[in-house]
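To start, the structure under review is shown below, and the notes come after it.
The values are calculated or read from the model by the stated rules, or taken from the named source; none is laboratory data. Given the structure is predicted, the values throughout are model-derived calculations rather than measurements. Neighbour counts run over all protein chains shown; Cβ positions are idealised from the backbone, glycine included. Accessible surface areas use protein heavy atoms only, side chains included; no ligands, DNA or RNA. Shrake-Rupley method; radii C 1.70, N 1.55, O 1.52, S 1.80 Å.
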Amino acid sequence: AGRLVVLVSGTGSNLAALLAAHDDPAFGARVVGVVADRPDIRALDLARDAGVPTAVVRLGDFPDRAAWDRALTEAVGVFSPDLVVAAGFMKLVGAAFLARFGGRVINTHPALLPSFPGAHGVRDALAYGVRVSGCSVIVVDEGVDSGPIVGQEAVPVLPDDDEESLHERIKVVERTLLVDVVGRIARDGLTVEGRHARLGRARAAG
Ligand code: GAR
């Protein structure tokens, strides 16, 4: 099965969905490691309860972002991932990380990209007044939520929504989308061609 490493910063509801899926051999992937940028989060408890090894790499423990990024790269590399999934990971990975894992890192985001990238996608969509938002799974590149889109689902914004109610409704759809996309990548591969990501392996040249 494909080896998944999941990057987390918080509640871990997306991680929980991946852990619920990975016991089925037909899923095609297993979570082999969970790496966080902070201790004492529910996502780490979920990983430990599932018997999955964890690591914590805190930005504040390093002299600068580049050193942190190299340590994160090492911590993830220990698990020899086929695919890295940022599931509520609230930091940007850097050059060293992408040099090692680029094209094999996906991120889930609670808005319909390219609208409302960044740390407050739900709040920003509400503030703008959109009537439809949703979630996106993208390939991570060097920008902020700017990589090729692998999957998206729409979620209506209701008149009385606040950030919490809309985010909760998005997360229900988001975890199903993420599990679906990860399973399809594990079984079929992921090819990035310029701005476009598609399922399936790259054809060998020649
Ligand atoms: C998810 O909705 C994810 O899309 C979002 O954080 C939430 C994490 O939930 N990520 C971002 O906003 C990244 N910019 P979880 O910890 O319960 O999976």
> So what is the 222 nm mean residue ellipticity for the chain from helices alone, if each DSSP H run of at least 4 adds -39500 (n - 2.57) and you divide by all residues, rounding to the nearest 500 deg cm²/dmol?
Replying inline: -10500 deg cm²/dmol
> Taking K and R as +1 and D and E as -1, what net charge do the other residues with C-beta under 13 Å from the C-beta of Arg184 add up to?
Replying inline: +1
> GNM, the chain, Cα, under 10 Å: largest mean-square fluctuation among Ala119, Ala186, Ala111?
Replying inline: Ala119
> Largest first, what is the accessible-area ranking of Leu83, Leu59 with a 1.4 Å probe?
Replying inline: Leu59, Leu83
> In whole percent, how big is the carbon plus sulfur part of the accessible area of the chain, probe 1.4 Å, protein atoms only?
Replying inline: 52 percent
>> Check which residues have an amide H placed less than 5 Å from Gly189's amide H, if you skip close sequence neighbours.
In response: Gly200
> With every protein chain left in place, what is the accessible area of Phe97 in Å² (1.4 Å probe, nearest 10)?
Replying inline: 0 Å²
>> Just want the answer: with Cβ charges of +1 for Lys and Arg and -1 for Asp and Glu, which residue in Leu19, Leu112, Phe101 is farthest toward the dipole's positive end in the chain?
In response: Phe101
> Say we join alpha carbon atoms closer than 10 Å with springs in a Gaussian network model of the chain; which of His109, His22, His196 then has the biggest fluctuation?
Replying inline: His196
> Between Val56 and Arg42, what length comes free when the chain is fully extended (0.36 nm per residue of separation minus the Cα-Cα distance, one decimal in nm)?
Replying inline: 3.7 nm
> Counting Lys and Arg as +1 and Asp and Glu as -1, what is the net charge of the other residues whose Cβ lies under 13 Å from the Cβ of Asp162?
Replying inline: -3
>> For the pair Ala67/Ser115, report the inter-label distance in nm, with labels modelled 7 Å from Cα in the Cβ direction.
In response: 4.3 nm
>> What FRET efficiency comes out for Arg201 versus Asp24 if R0 is 30 angstrom and r is the Cβ-Cβ distance? Round to the nearest 0.05.
In response: 0.85
> What FRET efficiency would be calculated for the residue pair Val130, Thr191, taking the C-beta separation as r and a Förster radius of 35 Å, to the nearest 0.05?
Replying inline: 0.65
>> If you count only protein heavy atoms with a 1.4 Å probe, what accessible area per residue comes out for the chain, rounded to a whole Å²?
In response: 49 Å²
> What FRET efficiency would be calculated for the residue pair Leu158, Asp49, taking the C-beta separation as r and a Förster radius of 25 Å, to the nearest 0.05?
Replying inline: 0.15
>> Counting only trypsin sites (Lys or Arg not before Pro) that sit in a DSSP loop (anything but H, G, I, E, B) with at most 15 other Cβ atoms within 10 Å, what is the longest stretch of the chain containing none of them?
In response: 59-130
